[in-house]
Structures are given as structure tokens and as C-alpha cells.
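Have a look at the structure below, then the notes.
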Amino acid sequence: MEKISINNENKILSTINSFFKVEERGSTIKTEVIGGITTFLTMAYIIFVNPAILSATGMDKGALITVTCLATAIGTAVAALWANAPFALGPGMGLNAFFTYTLVLGQGIPWEDALGVVFISGLFFLMLTLGGIREKIANAIPSTISTAATSGIGLFIAFIGLKSMGIITSNSATLVSLGSFSLPTVLGLIGLVIMAVCEIRKITGGILISIAATTALGIVCGLVDAPSSIISMPPSISPIFMKLNILGALKISLMGSIFSFMFIDLFDSLGFMM
């Protein structure tokens, strides 16, 4: 029985090696497993951050958590099984901020119509990709512009994070000013310091460690309710499933938003690929 089990294990490893061309690409199964775990720990923060941003539009936060996990799992599986590329795909942290704070809250567009805008921009982006236009744009755009666009998106997210932490507030004279250092703000700064230390020391999963530590401190200080259970079924996606309004997005006034989403997605993906 033990020999049969070893043979089956060897067949599975051989199949994985052959399909993904692991050894051909100068890697090993062990390296890929460690790389996969490292990648998961690096990007798992989106499970918390993505729903936190999008729920400000009125969308159900529990459903957003489930959808974030499903979208990431499906996107990564497609990249692995179809494109045979070692990329983990998930919701973009720049696009969700633009969706929430510029499109929905800024322009007062219902989130259902805003989802329609995202869908249409995605179709245009798909046509650019299938037609080979995206590759030509990538070759024509200087790397400095692509880097600047990606950095700008990152600064935009950082600005939103500082505002959510209470470090900066709106000011009629100077646009922004220093906020008051309340207990939530102090805990946010502690989390930011932990994150920075983990990044400097190259500790894998530093963002998750920071989130866990800050949450624990929040529970101790009475700012966060302790979880009622450790394991539970994921929340239903029904509150937001297929609620996009494509017809509502087909307006002349939203053409600029559709182009903006496609532009951000284009430069974000180009920056990542480069």
C-alpha cells in the first residue's frame, strides 16, 4: 500500500512538473509551493481592504469579502491553467478606490450603474488585448510614464488610507490639515509602523501581521468586537450578485468614467507586467 501511495504521488508530481514546465523553467516543485504561500501572504490583505473600501458605496461588506476571495481564486486559476503564467490575479487596489471615492461618492452614481461602467470598460480592455493593441501601446509608452501612473495610483490609495486613519482631515483653506490623534488613529499608526518594520526586515506577510496585531489591540482597547466564532460559512453574495446595471451605464456623461477605468486598468497592468 505504501509503494502504491508513493507511485501515485510521483505521478501527480510528474504531471504537475510536465504541465507547468517547472523544471524546464529552472524551478522545482518545492520552490513553487513556497512561492505560492509567500504570494498568498503578500496579497491576502485585499480580503480585508477591498471590502472596506467598496462597502462605503452601500454594497454589502460580507458579500464583498466572499466575492473578493472568489474573484482572486478564479483569476489566479485562469492565469495558471490557461496562460500557464505564475501570476496571482486579484482586485486592483487603485480601481476600487477610484470606483468608490470618485465615481460613486464623488459623482453620486449608484453603485449598480458604477458596476455597469466597470463591466463596459472591461469589455473595451478585452478588445484592446485580443486585438494586440495593448501590446503596441505598451511598446510605445515610455517606462517612466507607466511607472509614474502606477506610483500615482499608489499615492492616491495612501492618501485615502491616511484620511481613513484620521491623520489628515479636510480643510477649506488648505484642502487638507493634520487631524486629531485619537485612539483609533494611534492604533492605525502602530499598525503602519509594524508594517514598515516587517517590510524593512523582509518578513513575509508583513501586512497581514500588521492587520492581526492592530485588530488584537483594537479588541483589547474595546474598539473592535471579538469574533463570535473562528470558522463559519462565507457570507452570501446574493446582495450584490448580478446587480450591475449595464443600461444605466450607457450614458454620454459616463463615457469619461469608462475611459478612465480602462486607462487606469491599462497602466496598472502594464506597470505590473513590466
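The values are calculated or read from the model by the stated rules, or taken from the named source; none is laboratory data. Keep in mind the model is a prediction, meaning the values are calculated, not measured. Note that we place each Cβ from the backbone using ideal geometry, even for glycine, and neighbour counts take in every protein chain shown.
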Exercise. Inside region 1-116, counting only helices (runs of 4 or more DSSP H) that do not spill past its ends, which hold 3 or more residues that are among the small types (Gly, Ala, Ser)?
Worked result: 2-20, 61-81
Exercise. Hey, among the residues in region 218-232 that are of a type in the set (A, V, I, L, M, F, W, C) and at pLDDT below 85, which one's surrounded by the most Cβ atoms within 10 Å (Cβ to Cβ)?
Worked result: Val224
For this session: Please enumerate the residues belonging to region 42-79 that are among the hydrophobic types (A, V, I, L, M, F, W, C) and more than 13 Å from the chain's Cα centre (by Cα).
Result: Ala56, Met59, Ala63, Ile74, Ala77, Val78, Ala79
Exercise. From the list Val78, Val117, Val104, which one is of a type outside the set (Gly, Ala, Ser) and touching a residue at least 60 places away in the same chain (Cβ under 8 Å)?
Worked result: Val117
Exercise. Is it the case that region 242-261 has a residue that's closer than 17 Å to Val49 by Cβ and surrounded by 14 or more Cβ atoms within 10 Å (Cβ to Cβ)?
Worked result: no
Exercise. Counting just the residues of region 138-163 that are among the polar types (S, T, N, Q) and touching a residue at least 12 places away in the same chain (Cβ under 8 Å), which one comes out farthest from Gly218 (Cα to Cα)?
Worked result: Ser143
Problem set entry | Residues that are touching a strand residue (DSSP E or B) at 6+ places or on another chain (Cβ under 8 Å) and among the aliphatic types (A, V, I, L, M), drawn from region 166-193 | Ile167, Ile168, Val176, Leu178
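Scanning region 221-237 for residues that are in contact (Cβ under 8 Å) with a residue 12 or more places away in the chain and more than 21 Å from the chain's Cα centre (by Cα), which turns out nearest to Lys61 (Cα to Cα)? Steps first, answer last, please.
Taking region 221-237 and keeping what is in contact (Cβ under 8 Å) with a residue 12 or more places away in the chain, we get 221, 223, 234-237.
Filter once more, so that each one left must be more than 21 Å from the chain's Cα centre (by Cα): 221, 223.
Working: Cys221: 24, Leu223: 19 Å.
Filtering first and then ranking leaves Leu223.
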Problem set entry | Any hit, region 120-133, residues being under 23 Å from Pro239 (Cα atoms), more than 21 Å from the chain's Cα centre (by Cα), modelled with pLDDT of 85 or more and among the hydrophobic types (A, V, I, L, M, F, W, C) | no
Exercise. Is it true that some residue in region 2-24 is within 13 Å of the chain's Cα centre (by Cα) and either at positive phi or at pLDDT below 85 (or both)?
Worked result: no
Exercise. Considering region 161-189 alone, what residues qualify as being of a type in the set (A, V, I, L, M, F, W, C), in contact with a Ser or Thr (Cβ under 9 Å, 6 or more places away or on another chain) and surrounded by 15 or more Cβ atoms within 10 Å (Cβ to Cβ)?
Worked result: Met165, Ile167, Ile168, Leu187
Exercise. Only one residue in Ile109, Ile65, Ile47, Ile37 is modelled with pLDDT under 85 and among the β-branched types (Val, Ile, Thr), so which one is that?
Worked result: Ile37
Seminar exercise, completed: When restricted to Met233, Met255, Met242, Met262, the only residue in contact with a Ser or Thr (Cβ under 8 Å, 6 or more places away or on another chain) and of a type in the set (A, V, I, L, M) is Met262
For this session: Restrict the check to region 82-96 and report whether at least one residue is of a type in the set (S, T, N, Q) and at negative phi.
Result: yes
Exercise. Hey, among the residues in region 28-63 that are of a type in the set (S, T, N, Q) and free of Cβ contacts under 8 Å to residues at least 40 places away in the same chain, which one's farthest from Lys163 (Cα to Cα)?
Worked result: Thr28
